[in-house]
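Before any comments, here is the structure.
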Amino acid sequence: MEILKRKDLKERFTDTWVAPYEKVITMVDNDLVEIVEYHPCISGSHWIVHQYKNTSNLILNAYRDGNKQVFLTKIGKNPLNLKASINAAGIEEVKVIDNEVKVTHAGLAGAGVGACMCRGMAEGVNYIELMDTGGGSKLGKAAVITPKMEKVVIGIDDTDTKDEGATWTMAHNIGVQLKKEGFEYLDHVIVQLYPHNPHKTQNCVSIALTFAVLSSEVDSLIERISELLKENTLSDKTSIAILKGLKIPKELRDYSMKAKTSMVSVKQAEDVADKLNIQVIAITGDQGKIGALAALGLYNDLEEAVKVYY
């Protein structure tokens, strides 16, 4: 076994058959780990997602979004029974050691190259433990070691007025600004709320922004997003809600569905947030708490998030 850093891999493997991944991020919540990887090919990652789901018992869920592939896994070890074309690649072990996450990938032929050199060259990787390089018809196997991060989802609502503004664009621009400042901005989800709400400005949506952060950065992220909203919002009703970790409580999802299909009061939103220990913050006013909290319950279900209930 060799321990190799990004720089070492780039110097050694200059072959045309090595295509570096763009980035690898791992987020931990007790016994769960979410792995986010940016594949070098836009849709090539779909094959990897399909193979990994078929091959790895540790994987609970997996999906592709553009060239971003996401795996929700259990912590543990489960040997792989690799078979060409059928079960060609997967995750053998997921382990958390202090402030790092160790994910052992294995694959046959090109999938093995992806498991080792391609992932090892990605931004966000501390180093890899290389066991077999793969290529041709050979097995490739490596453990990819990355920083242990946390997932933080920020729900945002009521930043516009009847006359100007758009919450989805303001939220995205704030996410981009935070990325420039060093925070890992992962996703932006628009959540459709009750269309007959008399308080709406027009389309009645709220936004969920997703970030991966080190434990030491969580408070700074919340403070900074609050500052940026206070500086830029056009409304006196702006609020945010904060969900930490990888799980969405059933009561939170139920609340979000209620906000999509009927009127909900600020008091109801506050009661749900208090019960689930979810922080809600009035930036300029309380009305936005309703939609901000609702965005959190559906941020990981894009099809349901955008549905309209008349």
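With viscosity 1.002 mPa s and temperature 20 °C, the Kirkwood radius over alpha carbon pairs of the stretch 158-306 converts through Stokes-Einstein to a diffusion coefficient of 141 µm²/s.
Computed from backbone phi, the HN-Hα couplings of the stretch 88-94 come to 8, 6, x, 9, 8, 8, 10 Hz, rounded to whole numbers (Karplus: 6.51 cos²θ - 1.76 cosθ + 1.60, θ = phi - 60°; Gly and Pro given as x). In the structure shown, the pairs 230/307; 7/151; 10/244; 68/148 are assessed against 24 Å; a Cα-Cα span above that value is assigned to 230/307; 7/151; 10/244. Report the FRET efficiency, 1/(1 + (r/R0)^6), for residue 1 and residue 65, where r is their Cβ-Cβ distance and R0 is 35 Å, rounded to 0.05. It comes to 0.60.
Annotation: extensible slack from residue 250 through residue 166 equals 27.3 nm (criterion: 0.36 nm per residue apart, minus Cα-Cα distance).
The stretch 154-185 and the stretch 94-139 have Cα centres separated by 35 Å. Modelled this way, with points 7 Å down the Cα-to-C-beta line, the labels at residue 17 and residue 267 are 6.9 nm from one another. Extension gain for residue 30 to residue 86 (0.36 nm times residue separation, less C-alpha to C-alpha distance): 17.0 nm. Loop-located GluC sites (Glu not before Pro) across the stretch 1-106 with a Cβ neighbour count of 16 or fewer within 10 Å are 22, with loop assigned by DSSP. State whether the chain is rounded, prolate or oblate according to the following rule on the C-alpha gyration tensor (a ≥ b ≥ c being the square roots of its eigenvalues): a/c under 1.5 gives rounded; otherwise a/b larger than b/c gives prolate, and the remaining case gives oblate. It is prolate, given that a/c is not under 1.5 and a/b is the larger ratio. Counting only Cβ charges, +1 for Lys and Arg and -1 for Asp and Glu, the dipole size of the stretch 2-148 around its Cα centre is about 220 debye. Scalar couplings 3J(HN,Hα) for the stretch 284-299, obtained by applying the Karplus form with A = 6.51, B = -1.76, C = 1.60 to θ = phi - 60°, are 10, x, 8, 4, x, 4, 4, x, 4, 5, 4, 4, 5, x, 10, 5 Hz; x denotes Gly and Pro. Fully extending the segment from residue 97 to residue 181 would add 27.5 nm, taking 0.36 nm per residue of separation and subtracting the current Cα-Cα distance. Distances between placed amide hydrogens fall under 5 Å for residue 63 paired with 70, all partners being 5 or more residues away or on another chain.
Of the chymotrypsin sites (Phe, Trp or Tyr not before Pro) in the stretch 1-79, the ones in a loop by DSSP (not H, G, I, E or B) with at most 16 other beta carbons within 10 Å are 17.
For the chain, modelled as a GNM whose springs connect Cα atoms under 10 angstrom apart, the maximal fluctuation among 191, 24, 266 occurs at 266. Taking the Cα of residue 304, stepping 7 Å toward and past its beta carbon, and measuring to each backbone N in the stretch 256-282: which are under 16 Å? Taking a point 7 Å out along Cα→Cβ of residue 304, the residues of the stretch 256-282 whose backbone N falls under 16 Å are 256-262. Couplings 3J(HN,Hα) of the stretch 178-195, computed from phi: 5, 5, 4, 8, x, 7, 8, 8, 9, 7, 9, 10, 8, 10, 6, 10, 4, x Hz, in residue order, whole Hz [Karplus 6.51 cos²θ - 1.76 cosθ + 1.60, θ = phi - 60°; x for Gly and Pro]. Only helices enter this figure: runs of n ≥ 4 DSSP H residues, each worth -39500 (n - 2.57), summed and divided by the residues of the chain, yield -8500 deg cm²/dmol at 222 nm to the nearest 500.
Where a number appears in this text, it was derived from the coordinates with a stated rule and is not lab data. Treat the numbers as computed from the prediction; the structure is a model and nothing was measured. Neighbour counts run over all protein chains shown; Cβ positions are idealised from the backbone, glycine included.
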